[in-house]
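The values are calculated or read from the model by the stated rules, or taken from the named source; none is laboratory data. What you are looking at is a predicted structure, and each value in this text was computed from that prediction instead of being measured. Methodologically, a virtual Cβ is constructed for each residue, glycine included, from the backbone with ideal geometry; neighbour enumeration extends over all protein chains shown.
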Amino acid sequence: MRRLTIWILAAALLGLLTPGPAYAVAERRNRTEVVGGVLARDADFPWVVHLSVACAGALIRPRFVLTAAHCAGPTGTNTKIRVTAGAHDLKDPQAKVVNSVYVHRAPGFDGVTEGRDWAVIKLRDSLDLPTIRLSAGGDDFGTFTIMGWGTTSENSFAAQRRLRTAKVPMVADPACADAYAKAGYAFRPDEMICAGDVRRGAVDTCQGDSGGPMVKRAHDGQFVEIGIVSWGVGCARKEYPGVYTEVSHFADAIRKAMDDLDRVP
């Protein structure tokens, strides 16, 4: 939910929007598309998926997608999300399309800036595609790769047909906390991780990128998911780096959710 306005749009599409002060701030945004990025190569990121609720996600098991809680709606079987996978071009006739059958949203999620912004989506059918593993915490530093089909500027609502990607440096927790304290928000370093160019701005996730993965190559050369696109103030502003759900903090809970959902018909 990098841009709160996008969360509102996604919630309206799902019929889930309810009044609440946390989402009345138009400046805060859900993440849509990558600002300052380039088109991803066809062979890159085979585990990234597009969600029909103007969000993205990552295939972490053949039948499970990890995304943001603010994209997923309430826990249960009443939310149907269409997942497009296996293609960076959303109009590619070879793309695989499968619907959700169950959504598990992080227990205690109470608004994007409050943390716990993750959810697991169980698909109707397994996808025969590569999956990405969750970070164990040892790689949560340095420069990360972001991606998405969202908007390419803060004031745009035009989502992209083709996947875009960019690189962003990690921002230290104290610097991120100070930046968001000035805007009236509490950064939670145990649950969140910040990334962005605080000297120049210009590179970031934006509306429509919410729920997508922020990744890095681990020591074995394989990508791991470091963060989930969550929230921020504006898009690509140097004063406000992007805020991502820190996957390593919730990895055990995410795996347990998938194990539990495996027992759900």
- Would you please name the residue that is farthest from I121 (Cα to Cα), looking only at residues in region 216-265 that are over 12 Å from the mean Cα position of the chain (by Cα) and aromatic (F, W, Y)? Y240
- Inspect all residues belonging to region 248-256 and state whether any of them is part of a strand (DSSP E or B), of a type in the set (A, V, I, L, M) and touching a residue at least 40 places away in the same chain (Cβ under 8 Å). no
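One line per residue, one yes/no per condition, for (1) in contact with a Lys or Arg (Cβ under 8 Å, 6 or more places away or on another chain); (2) free of Cβ contacts under 8 Å to residues at least 24 places away in the same chain; (3) farther than 24 Å from K216 by Cα:
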residue: D117; (1), (2), (3): no, no, no
residue: V120; (1), (2), (3): no, no, no
residue: M147; (1), (2), (3): yes, no, no
residue: Q160; (1), (2), (3): no, no, no
residue: A166; (1), (2), (3): no, no, no
residue: P169; (1), (2), (3): no, no, no
residue: D173; (1), (2), (3): no, yes, no
- Selection within region 85-125 - touching a Leu at 6+ places or on another chain (Cβ under 8 Å) and polar (S, T, N, Q): N99, S100
- Residue, surrounded by the fewest Cβ atoms within 10 Å (Cβ to Cβ), within region 79-90, restricted to residues that are part of a loop (DSSP other than H, G, I, E, B) and either β-branched (V, I, T) or modelled with pLDDT of 95 or more (or both): L90
- Residues satisfying the stated conditions in region 138-177, i.e. part of a strand (DSSP E or B) and surrounded by 18 or more Cβ atoms within 10 Å (Cβ to Cβ): F144, T145, I146, M147, G148, R164, T165, A166, V168, M170, V171
- Taking region 37-69 and keeping only residues that are more than 19 Å from I226 (Cβ to Cβ) and either in contact with a His (Cβ under 6 Å, 6 or more places away or on another chain) or of a type outside the set (A, V, I, L, M) (or both), one is left with R41, D42, H50, S52, P62, R63
- Filter result for the condition that a residue is within 20 Å of P265 (Cβ to Cβ) and modelled with pLDDT of 95 or more, over V103, V98: V98
- Message: Can you tell me which residue is modelled with the highest pLDDT among those in region 55-78 that are part of a loop (DSSP other than H, G, I, E, B) and buried (at least 22 other Cβ atoms within 10 Å of the Cβ)?
- Response: A68
- Selected residue (only one of A218, A195, A183 is touching a Pro at 6+ places or on another chain (Cβ under 9 Å) and at pLDDT 90 or above): A195
